[in-house]
Amino acid sequence: MAVVRILSYLLFIFFAGLSSASAAVLSSTNIPLDSPVYSYLEKLAGFGLITSDIKGIKPFSKAEAARLLLEAEQRLGGTEDIFARQLVTRIRELMPREVALRQFPDKKVPFFDYNPISSLRLRYVYLDGAPRNYERPVHDPGNDGVFGIGSGLRPKNPYPSPVLQRGSEGAPLSENNNGAVYRDGHNGELRWAVEGYVSDKASGLLEPVIQYSRTDSDVSLKLNRGYLKLGGKWLELEGGKDENWLGLGYRGSITLGNNAENFNSIKISSPEPFTVPYVGAVKYALIGSRFENTITDGVERQPWFYALKLSVKPIDNVEIGFNLGRQVGGPGVKNGIGDTLRGLIGGTSSDNSNGLAGFEARYRIPWLANTELYGEFSGEDTASFWPIVESYLAGFYIPRLTADGRNDLRFEFFQGNQILYTNGTFPEGYLYKNLPIGHSQGGATQDFFTRYSHWFDTRNNLALEYIYTTRGMVGRVRVNSSGQYDPNGVMQSVERKHAGRAVWSLPFYGDSDAKFVYGVEKIDNFNLESGAERTNQLFMVELRYRY
């Protein structure tokens, strides 16, 4: 129950801080993580027009996007760059309320206001394929060091039997999609959002989603996002169901992303950065939740979950972050204060938690067309305080591959430890409804991602992606025909995947845009089975309104 106590203290701090907050506080709803607004802001930063952006905590609130937009406008000056001005104009069109209230803080705000269709997304997906199954026995060698150096933080080969990885890919070629799983054949999906505001101090959003699969003639209706928010600026309270992304990665985040279904949570955060003397600009987020009840291998679990993120910019071109995600307590484990504290300061056989923690950094190089380098180190659990079971993410982003800014290039690498997202205390692992809540590719994985895009104009963009993924290259064991550990069975094979996607976004009518996606992937040794080959294809058509 430590999470409940922490949140109680923070609620007290929140209301105390809210009572003394300035009139400049502007509550606003969050921008969906797959909105093109993030690309627009990245482009403006690539032109050198935005330098105060902190990218390690998402989603951005609309008020934060408006703040960044006004920063870019102030720096446009007499520049004649048409593309940058188009980007500024488009962001203004998508969030007129927040831009107006940020630009004219003395403007009278209606006590109550709402928008019955603030955004809408209609999607058709045809899938010819099957998802990869992440469930497999994997050898844990132990004998860990720190940062790949040294050894002995854990005993060598600590477990006599392999560790079990669990989970699923969900749907091929469609990762980071709020847990939406498309079936083989025809699929349809409709999401629409309703926004409401109470003055400038409170806001709320409801986004139901209807999903249809022709394969099993199934129609489902559920809430994708739905939350209430109080406050803003440096102190905001949010309660409900929402997506979160803690990390600098584009294709994935090790600690927490939007790959799995959004879960109910309470979040205290600073949607806008604030300045701390001798430290720099700071943003933070603390998220508390509880996962669903599961029974895995006859073991019942329903852990509490909390995540903490702190991001700091000591200077304009450097961002440093700390990530923490932890499952703790619930039925079937010890729930005493001592058990919880042991899990916080060091991984032991007697604690009641499963956690990931890591550090990240981003450096923007002004003299190299504002190219960005970024990386993250993450440890699953700790030993003698040190993080162990190491995973890595690193990449670069060139926002102006050409001087006009209409071409950009990104490369990202991810390496997941062989026992990433597994745990003995919580047999289901670091999952929510069978999908990793962190990086979509799971453990024992190397993933290389390359994306090139060309902007014909602000709303007309063509992107080409190439992905090469290997899975099971470490921790291999012998298995029987059912994939279960068998010392007399055959050795697991290494799964290799080559994938390509083309994504074309273009204006459709008025404030509506269309998006076309075609992806194809070739998988050798599908699900680590020697000689098994699989080709998956996905075709997607999407219409978006003010998204």
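For residue 293, state whether it is in contact with a strand residue (DSSP E or B) (Cβ under 8 Å, 6 or more places away or on another chain) and buried (at least 23 other Cβ atoms within 10 Å of the Cβ).
When the stated conditions are applied, residue 293 does not pass them.
Determine whether region 175-189 contains at least one residue that is within 30 Å of residue 26 (Cα to Cα), modelled with pLDDT of 95 or more and not in a loop (DSSP other than H, G, I, E, B).
no
Just to be sure, is residue 469 assigned to a strand (DSSP E or B), modelled with pLDDT of 95 or more, within 25 Å of the chain's Cα centre (by Cα) and more than 18 Å from residue 132 (Cβ to Cβ)?
Spelling it out, it is not the case that residue 469 is assigned to a strand (DSSP E or B), modelled with pLDDT of 95 or more, within 25 Å of the chain's Cα centre (by Cα) and more than 18 Å from residue 132 (Cβ to Cβ).
Search region 232-246 for residues that are closer than 12 Å to residue 60 by Cα and pair each with any residue that is of a type in the set (S, T, N, Q) and part of a strand (DSSP E or B) when their beta-carbon atoms are under 6 Å apart and the residues are at least 6 apart or on different chains.
What qualifies is 246/323.
From the list 171, 130, exactly one residue is in contact (Cβ under 8 Å) with a residue 40 or more places away in the chain, in a loop (DSSP other than H, G, I, E, B) and surrounded by 19 or more Cβ atoms within 10 Å (Cβ to Cβ). Which is it?
171
Consider residue 188 carefully, then state whether it is buried (at least 22 other Cβ atoms within 10 Å of the Cβ) and out of contact with any Leu (no Cβ under 7 Å at 6 or more places or on another chain).
no
Can you tell me which residue in region 4-33 is modelled with the lowest pLDDT, limited to those that are buried (at least 17 other Cβ atoms within 10 Å of the Cβ) and either among the charged types (D, E, K, R) or touching a helix residue (DSSP H, G or I) at 6+ places or on another chain (Cβ under 9 Å) (or both)?
25
Could you list, in sequence order, the residues of region 213-232 that are among the hydroxyl-bearing types (Ser, Thr, Tyr) and at pLDDT below 95?
Residues satisfying the conditions are 213, 215, 217, 220.
Looking at region 112-137 only, could you name the residues that are over 24 Å from the mean Cα position of the chain (by Cα), over 22 Å from residue 181 (Cα atoms) and not hydrophobic (A, V, I, L, M, F, W, C)?
113, 114, 115, 116, 137
Tell me, which helices (runs of 4 or more DSSP H) lie completely within region 41-107 with 3 or more residues that are under 25 Å from residue 374 (Cβ atoms)?
Filter on region 41-107 gives 62-76, 82-94.
Name the residues in region 245-292 that are in contact with a helix residue (DSSP H, G or I) (Cβ under 7 Å, 6 or more places away or on another chain) and in a loop (DSSP other than H, G, I, E, B), would you?
271, 272
I'd like the residue in region 258-284 that is out of contact with any Gly (no Cβ under 6 Å at 6 or more places or on another chain) and under 29 Å from residue 446 (Cβ atoms) and, out of all such residues, is surrounded by the fewest Cβ atoms within 10 Å (Cβ to Cβ).
Per the stated criteria, the residue is 263.
Could you figure out which of (1) in contact with a helix residue (DSSP H, G or I) (Cβ under 7 Å, 6 or more places away or on another chain); (2) part of a strand (DSSP E or B) isn't true of residue 395?
Exception for residue 395: condition (1).
Being touching a helix residue (DSSP H, G or I) at 6+ places or on another chain (Cβ under 9 Å) and over 24 Å from residue 35 (Cα atoms) is true for just one of 416, 405, 483, 443. Which residue is that?
483
Are any of the residues in region 439-454 of a type in the set (Lys, Arg), touching a residue at least 60 places away in the same chain (Cβ under 8 Å), surrounded by fewer than 22 Cβ atoms within 10 Å (Cβ to Cβ) and in contact with a Ser or Thr (Cβ under 9 Å, 6 or more places away or on another chain)?
No; the residues of region 439-454 include none that is of a type in the set (Lys, Arg), touching a residue at least 60 places away in the same chain (Cβ under 8 Å), surrounded by fewer than 22 Cβ atoms within 10 Å (Cβ to Cβ) and in contact with a Ser or Thr (Cβ under 9 Å, 6 or more places away or on another chain).
Report, by residue number, each residue of region 212-238 that is farther than 18 Å from residue 193 by Cα, out of contact with any Gly (no Cβ under 7 Å at 6 or more places or on another chain) and not aromatic (Phe, Trp, Tyr).
Within region 212-238, 213, 216, 217, 218, 219, 230, 231, 232, 233, 236 meet the criteria.
Sort out which residues of region 466-520 are touching a His at 6+ places or on another chain (Cβ under 7 Å) and among the small types (Gly, Ala, Ser), and write them in order of number.
Across region 466-520, the qualifying residue is only 475.
The values are calculated or read from the model by the stated rules, or taken from the named source; none is laboratory data. Treat the numbers as computed from the prediction; the structure is a model and nothing was measured. Positions of Cβ are backbone-derived with ideal geometry, glycine not excepted, and every protein chain shown enters the neighbour counts.
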